[in-house]
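Enquirer: If you scroll down you'll find the structure; I have some questions about it.
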């Protein structure tokens, strides 16, 4: 993978999120892909399970949101991206997120891990804790 391919995959992910149904997932993820929604969450495994998770997580394909992304690193089959997603107009929910993606030879993701953060979320041991 290179940065151009990862940027294309990120754009395709956003298009898929905005598209009705989950048929587009086959172009993004391998049949046996794992999708982990947080660093300690149990991964969702396989395209059918990922499709069900997507339909549960999103409000629908016409959900209003803005997504920006920055590719942080690409090394071999692994890429890391920093994203910011703002939902609503006016914005009523936002996330800053790190995605760790491992790709198969065909360019589809075989392992997806996200580290989401949102306003007001506190680390386990805040630096100002007494």
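Enquirer: For n ≥ 4 DSSP H runs only, could you compute -39500 (n - 2.57) per run for the chain, divide by its residues and tell me the 222 nm figure to the nearest 500? Walk me through the intermediate numbers first.
Expert: Numbers: 3 runs with 30 residues, N = 130.
Taken over the chain, the calculation gives -7000 deg cm²/dmol.
Enquirer: Report the calculated FRET efficiency for residue 68 and residue 26 (r = Cβ-Cβ distance, R0 = 41 Å), to the nearest 0.05.
Expert: That gives a FRET efficiency of 0.95.
Enquirer: Ordered by packing density, taken as the mean number of other Cβ atoms within 10 Å over each peptide's residues, highest first, how do 92-98, 29-35 rank?
Expert: Most protected by this proxy first, the peptides run 29-35, 92-98.
Enquirer: What is the angle, in °, between the Cα long axis of helix 47-57 and the longest principal axis of the Cα atoms in the chain? Nearest 10 is fine, range 0 to 90.
Expert: With rounding to tens, the tilt is 40 degrees.
Enquirer: Apply the a/c threshold of 1.5 to the C-alpha gyration tensor of region 51-112 and tell me whether it is rounded, prolate or oblate.
Expert: Oblate shape, in that a/c is at least 1.5 and b/c is the bigger or equal ratio.
Enquirer: Need one number: % antiparallel among DSSP beta bridges in region 3-117, to the nearest 5.
Expert: Once the DSSP bridges in region 3-117 are tallied, antiparallel ones form about 90 percent.
Enquirer: Once the Cα atoms of helix 3-17 and of the chain are each reduced to a long axis, what angle between those two axes, in degrees from 0 to 90 to the nearest 10, is obtained?
Expert: 80 degrees
Enquirer: Over region 3-117, what relative contact order in percent results from Cα pairs under 8 Å that are six or more residues apart?
Expert: Relative CO of region 3-117 lands at 26 percent.
Just so you know, all these numbers are worked out from the coordinates, no wet-lab data involved. These figures come from a predicted structure and were not determined experimentally. Because the Cβ atoms are built from the backbone with ideal geometry, glycine has one as well, and the counts that use them run over all protein chains shown.
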